[in-house]
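So the structure is just underneath, and the comments pick up after that.
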Amino acid sequence: MSVINAVTCPICGCLCDDIEVTVVNNEVVKVKNGCAVCEAKYMGYKSEHRIRQPLVRKEGKLVPVSMDEAIHKAAEILANANYPVLYGWSSTNCEAQRVGVELAEEVGGVLDNTAVVCHGPSLMGTQEVGIPTSTLGQIRHRADLIIYWGCDPWSAHPRHLERYTTFTEGRFEDSEWKSYINKVKAVAGKKKLLSAQRVEPHKKPHETVAESLIFNKPPETLQKEGRKLIVVDVRKSMTAEMADYFIQVQPGKDYELMQAIRALIKDEELDVEQVAGVPVDYLREVVDALISCKFGVIFFGMGLTQSAGKFRNIEVAISLIRDLNSRTKFLIMPMRGHFNVSGANIVSAWQTGYAFGVDFSLGYPRYNPGETTSMDVLLRGESDATLVIAADPGATFPKKAIQHMVKHPLIVIDPHLNATAMLGDVVIPSAFVGIEVSGTAYRMDNVPLPLKKVVEPPEGILTDEEILKKILEEVRIIKSKRDEKTEAP
Amino acid sequence: MTEILIKNGFVFDPLNKINGEKMDIAIKNGKIVESVNEQKAKKIDAAGLTVMPGGVDIHTHIAGGEVNTGRMIRPEDHVKDVVSKTSITRSGTGYSIPSTFVTGYRYAKMGYTTVMNPSMAPLGAKHTHEELNDIPLLDKATFPLLGDWWFVLEHLQRGDLEGCARHVAWMLETTKGYAIKIVNPGGLESWGFGRNVHSIDDTVPNFDITPRDIMCGLAKVNKMLNLPHSIHLHTNNLGIPGNYVTTLETMKALENVPTDGRPTCHITHLQFSSFAGDNWGNMKSAAEEISKYINNHNHITFDMGQIVFTDTTTMTADGPFEFTLYQLSGHKWVNTDVETETSGGIIPMHYKRTSAVNALQWSIGLELALLVEDPWKVFMTTDHPNAGPFFAYPKIMAWLISKKARMATLAKCHKKAQKRSLLPSVKRELSLYELAIVTRAGQAKALGLKNKGHLGVGADADIAIYDINPEKIDVAKKYKTARKAFGNAAYTIKDGKIVVKDGEVVQHTDGKTMWLDVKTAEQLKVDEEMKLKFKKYWTVEYENYPVYDHYVKVPEIISVKASV
Amino acid sequence: MMMQQKLRVTLITGRTIEQGVGKEYGKSSPEYYEACSMVYMDAEDMKKLGIKTGAHVLVRTPQGSVVLRAVKYPRSATPGLIYIPYGPWANVVVDDSTTSIGMPTFKGTPAEVEAAPDQPVLSIEELLKKEFGR
């Protein structure tokens, strides 16, 4: 039995690196410090849903083949394609991503990562107005006002509050954990009181509904010293339950709400009673809290990038931060989803200049969102082959995009038989990055962290990096043979 | 390995006091040797060509988090400068912040072989090294930002220089770094809460310490550790009219640091720290005051930070300064504070001849380089990409060697700048020998790189050959010919391999990454207490912080014995 | 209250922790199926359709239609809003328009919901077969 410390969890952009993993006979038997998703991954990675050997679709069915056959088939598809899409890259290490860029360049394809359906709009917003941000520790040490906007860390980044924001001890700011516990106790007490009076809340559903729709006045605690937590979302999330103040914005109206806040910061008058469902009087109190804090931060998620406005929402959010910096210190950070989507952006950018949606079809990197992004290439029906690695567009892309994808040869590299693999023509199983493969990943704040190999992969299973290198080598062989042929008379 | 004999070139090798002599250079196993077997060796006919050691850049932002964020936010910058894949080279993009491969290719085309990445947040050191691995054809090193690191502040506050030195040694090894970088000392910690320091005697909020304490403390630590380079300093109040006073005070403060005769401080991109006047309207050059001081003292070296008129990207760990630029320009603004260590920022910038301020800045850089008499104190840089991209160096070389070139540019500048410029009164034109000092020999010497910047026996076979015949052309007059030659080396040789011929990359080779292994008598004890402190200060585990050996593809470890 | 056959709503898709856990067990795991083949609805809206948690509903958009288990959203009222966790079921109905920036409209697709007591909720295999023929 061995106990391995300081393991970096390969799931979400939090990249918690304090996981303790116990291994017996090359098998993970215990995980400490992680969240529910982390435990599911470390305990579930070896489940029956894992692909055990390479598969190739023959007569409509995926049938087992040798690794060499699968690699050759994949290389043939890519070498013969005019305009392949190479998509995914976010759940693998930077070492594999580096080979991926080279492969995309070699085959003249479109290299795109999951940011396109995640924080691609955030990168675009950043390209418009920049981004005042920091590493997470800076927030832990200094932030006294934390805002989660259009994101629910409790669900998507379960340890974010505990490690980096509200519930962590900083040099200049204390954890709010104790006061939160007191609050929860008080609420529990209130519930007891209610039941003692035999007033059962669930018997008055109309009132409960009405209550949460009518905005509560911002509590006085919003102006207090010490850490405050505000959540803005279209529905009350689990994170919102913990907040000092929850703002329920009407769906699709985040842009309006942020512009209203910007106006109030500049002491402009708003001639309306409410904006995006929020009473302006209450908004003023929120703005007071924004201006009077010592160090504020907005974390934002898909609530902004995927709803009406998309990258314009991000642009206005960042513009709001720019405005606030003339009054106090205020920063902003996207809640990156996949554990190494940041790495996919970073590697792509250092090798090509562009973070996602890179088109090599002209021999040099090109980037024009809407044109060179994988989603649009698929929706327009332009590509003639797809390689998917370390992502599952079969479960995350709209139907029409998948319909085009399956019209042409589809190569899938993944440890799991995921939705895309079920649809694939060549399926190559890979080792689990961060469990069976080491490497580097970048946290949501672009801090690089080492991933650890805690167990050996099953026999015969290669790493993403190895598979890609083999494909690249094979593609070059096929291309050079072809060139010889064309040169011969 | 092949042997090479470079025959009959005009050799400029200032460290060996060779000034344009016609001679042969022999190469074997990647090193310069006394002689090779002339029958067996590959011969390069350098008759009528200029031979110099490979170029050395003491300060260029080419890798790491800040640089890469700059790439990410500026697609409009790349689209105008694309580079196609060839059978030898990878594709990529330029302009102001080229992708990694293109960075290597473009330096090599100019005959450069060694570059220093001068700004690295320790927490992001792995990132910097991953990018350095992807920069081909060059030897590289990188400097961790240490001036506002809490461990440094706390030790200096207590007056514990030895403790500070041990931590700095540990950090150099941990980040695989090469020198102590200090940026706006005290200002970056203050910026954590949106503030700054405005003189070298301001107190840093929450820490009872001043910028003076930090600079002098680290300069002493630098000495105690016997580091090959001096402290590498970006001054307080950088980029603000009137800041030359702070710069003079800074240099004076460092006079008292004990020295063995070597410089104690390198002030980087000095142009940005040499402004007189008290606002942007009446801003003037302080090159005269600054150069006078440097001419009379021997503890300072500097690099120019020369402005080039183009669209570029500013990026520095000086977060508060970038915020000032944001307030001035309203342009897209990146801020990147790093817990416990440093800050950072990015603003795109278009330097224009028609801007009085920009044109004056252009003039100040050249004035400094020409008014400081000793070329061993002056190094040519653009603080890439801050004052312009590095591949504009041939232009700057032309300005340095030719008054005609300078005056041609000045004539196109804003009238106010023309009037305030000191350049019309400066006659000096650097000789090729002096140019070799400010572009390689001096830089290598200041960095303490013993095998670089010269062509003596035992040196690394890093060589640049330019199509300039000093017997036939007067470069001061034919500056355009010289400019073209400096931009397209006839040959660049790296570690004894011909990597560039006639301005084209002909071979791939990985450069090395140099880093310091500083041996202190008493090693820093990483005990439970230190680990606990680590947990308190950073959001990553102690075990995951260091740059482990496998992060450096081709390492060259330089051992240093500290005197503490 | 008037019972209605159909409701016009706004469809939002997004992450839930159950979906996050499910995907780590595998996309063909029962955990993933449970987590993703459902739709959160507003309590009042469910009443209007005369359904309770667990009932099958048909969600229809111009892009397609899918049958899901309805679940009452427990934490706040969200009238006119339905929420389907990210996954193959949601993607049958989300608006694929990227407005020329690469990103489909995963949040904010106009949709209709109706009770579908007799229609089954498909497994992932059945769903992929139906939509993509594989």
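The values are calculated or read from the model by the stated rules, or taken from the named source; none is laboratory data. Nothing here was measured: the structure is a model prediction, and the numbers come from that model. Every residue, glycine as well, gets a Cβ built from its backbone with ideal geometry; the counts of neighbours run over all protein chains shown.
A compact table of results
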{"read-out": "Some residue of region B:48-68 being facing chain A (nearest Cβ under 10 Å) and touching a Phe, Trp or Tyr at 6+ places or on another chain (Cβ under 7 Å)", "value": "yes"}
{"read-out": "Pairs, first over 14 Å from A:GLY137 (Cα atoms) in region B:530-541, second of a type outside the set (Asp, Glu), C-beta under 6 Å, six or more apart", "value": "B:LYS531/B:TYR542"}
{"read-out": "Looking only at region A:106-140, and only at residues there that are part of a helix (DSSP H, G or I), of a type in the set (A, V, I, L, M) and facing another protein chain (nearest Cβ under 7 Å), the one that is farthest from the chain's Cα centre (by Cα)", "value": "A:VAL129"}
{"read-out": "The listed residue being aliphatic (A, V, I, L, M), within 30 Å of A:VAL99 (Cα to Cα), modelled with pLDDT of 95 or more and crowded, with 17+ Cβ neighbours inside 10 Å, out of B:VAL51, B:VAL67, B:VAL11, B:VAL56", "value": "B:VAL67"}
{"read-out": "Test: residue in region B:233-249 that is surrounded by fewer than 20 Cβ atoms within 10 Å (Cβ to Cβ) and at pLDDT below 95", "value": "no"}
{"read-out": "Top-ranked residue of region A:432-489 - restricted to ones that are of a type in the set (Ser, Thr, Tyr) and in a loop (DSSP other than H, G, I, E, B), ranked as surrounded by the fewest Cβ atoms within 10 Å (Cβ to Cβ)", "value": "A:SER438"}
{"read-out": "Unique match (being in contact with an Asp or Glu (Cβ under 8 Å, 6 or more places away or on another chain) and basic (Lys, Arg)) among A:ARG98, A:ARG159", "value": "A:ARG98"}
{"read-out": "Identity of the residue in region B:295-345, of a type in the set (A, V, I, L, M) and closer than 25 Å to B:GLU154 by Cα, that ends up surrounded by the fewest Cβ atoms within 10 Å (Cβ to Cβ)", "value": "B:VAL338"}
{"read-out": "Selection count, region A:406-419, where residues are facing another protein chain (nearest Cβ under 9 Å) and either closer than 25 Å to C:GLY20 by Cβ or in contact (Cβ under 8 Å) with a residue 60 or more places away in the chain (or both)", "value": "4"}
{"read-out": "Within region B:243-286, tally of residues that are more than 20 Å from the chain's Cα centre (by Cα), under 20 Å from B:PHE379 (Cβ atoms) and among the small types (Gly, Ala, Ser)", "value": "3"}
{"read-out": "Scan of region B:480-497 for residues that are within 25 Å of the chain's Cα centre (by Cα) and not basic (Lys, Arg), ordered by number", "value": "B:ALA482, B:ALA485, B:PHE486, B:GLY487, B:ASN488, B:ALA489, B:ALA490, B:TYR491, B:THR492, B:ILE493, B:ASP495, B:GLY496"}
{"read-out": "Residues of region A:305-336 classified as away from chain B (no Cβ under 11 Å) and more than 20 Å from A:ARG443 (Cβ to Cβ), total", "value": "12"}
{"read-out": "Residue in region A:35-49 that is nearest to the other protein chains (Cβ to nearest Cβ), counting only those that are part of a loop (DSSP other than H, G, I, E, B) and without any contact (Cβ under 8 Å) to a residue 60 or more places away in the chain", "value": "A:SER47"}
{"read-out": "Options C:VAL21, C:VAL71; residue that is under 30 Å from A:TYR42 (Cβ atoms), surrounded by fewer than 19 Cβ atoms within 10 Å (Cβ to Cβ) and among the β-branched types (Val, Ile, Thr)", "value": "C:VAL71"}
{"read-out": "Qualifying positions in region B:309-365 - of a type in the set (A, V, I, L, M) and assigned to a helix (DSSP H, G or I)", "value": "B:LEU325, B:LEU328, B:ALA356, B:VAL357, B:ALA359, B:LEU360, B:ILE364"}
{"read-out": "Candidate set from region B:101-128 (those that are more than 17 Å from the chain's Cα centre (by Cα), within 27 Å of B:ALA464 (Cα to Cα) and not aromatic (Phe, Trp, Tyr)); member that is surrounded by the most Cβ atoms within 10 Å (Cβ to Cβ)", "value": "B:VAL102"}
{"read-out": "Only one of C:MET38, C:MET103 that is at pLDDT 95 or above, buried (at least 24 other Cβ atoms within 10 Å of the Cβ) and at the interface with another protein chain (Cβ under 10 Å from one of its Cβ atoms)", "value": "C:MET103"}
{"read-out": "Residue within region A:77-97 that is of a type in the set (Phe, Trp, Tyr), crowded, with 24+ Cβ neighbours inside 10 Å and under 30 Å from A:LEU472 (Cβ atoms) present", "value": "yes"}
{"read-out": "Tally of residues being within 14 Å of another protein chain (Cβ to nearest Cβ) and within 14 Å of B:PHE321 (Cα to Cα) across region B:194-247", "value": "3"}
{"read-out": "Failed criterion for A:ALA401 (all others in (1) at the interface with chain C (Cβ under 7 Å from one of its Cβ atoms); (2) in a helix (DSSP H, G or I); (3) under 22 Å from A:ASN340 (Cβ atoms) hold)", "value": "(3)"}
{"read-out": "Qualifying residue in region B:321-329 (condition: more than 12 Å from chain A (Cβ to nearest Cβ) and in contact (Cβ under 8 Å) with a residue 60 or more places away in the chain)", "value": "yes"}
{"read-out": "Every pair of residues 6+ apart whose Cβ atoms lie under 9 Å, when the first sits in region B:545-561 and is away from chain A (no Cβ under 14 Å) and part of a helix (DSSP H, G or I) while the second is surrounded by 15 or more Cβ atoms within 10 Å (Cβ to Cβ) and at pLDDT 95 or above", "value": "none"}
{"read-out": "Count - residues of region A:342-353 that are under 18 Å from the mean Cα position of the chain (by Cα) and either more than 18 Å from C:ILE101 (Cα to Cα) or free of Cβ contacts under 8 Å to residues at least 24 places away in the same chain (or both)", "value": "7"}
{"read-out": "Enumerated strands (runs of 3 or more DSSP E) restricted to region C:21-76, each holding at least 3 residues that are in contact with a Leu (Cβ under 7 Å, 6 or more places away or on another chain)", "value": "C:56-61"}
{"read-out": "Where B:ALA356 falls short, out of the listed (1) touching a residue at least 24 places away in the same chain (Cβ under 8 Å); (2) under 29 Å from A:ARG142 (Cβ atoms)", "value": "(2)"}
{"read-out": "Residue list for region A:14-33, restricted to those being touching a strand residue (DSSP E or B) at 6+ places or on another chain (Cβ under 7 Å) and within 14 Å of chain B (Cβ to nearest Cβ)", "value": "A:LEU15, A:ASP17, A:ASP18, A:ILE19, A:GLU20, A:VAL21, A:LYS32, A:ASN33"}
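Residues are listed down the side, and each one gets a yes or a no for (1) touching a helix residue (DSSP H, G or I) at 6+ places or on another chain (Cβ under 9 Å); (2) not assigned by TED's automatic domain parsing to the domain that holds A:THR420:
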{"position": "A:GLY34", "(1), (2)": "yes, yes"}
{"position": "A:GLU39", "(1), (2)": "yes, yes"}
{"position": "A:LYS61", "(1), (2)": "no, no"}
{"position": "A:VAL65", "(1), (2)": "yes, no"}
{"position": "A:GLU69", "(1), (2)": "no, no"}
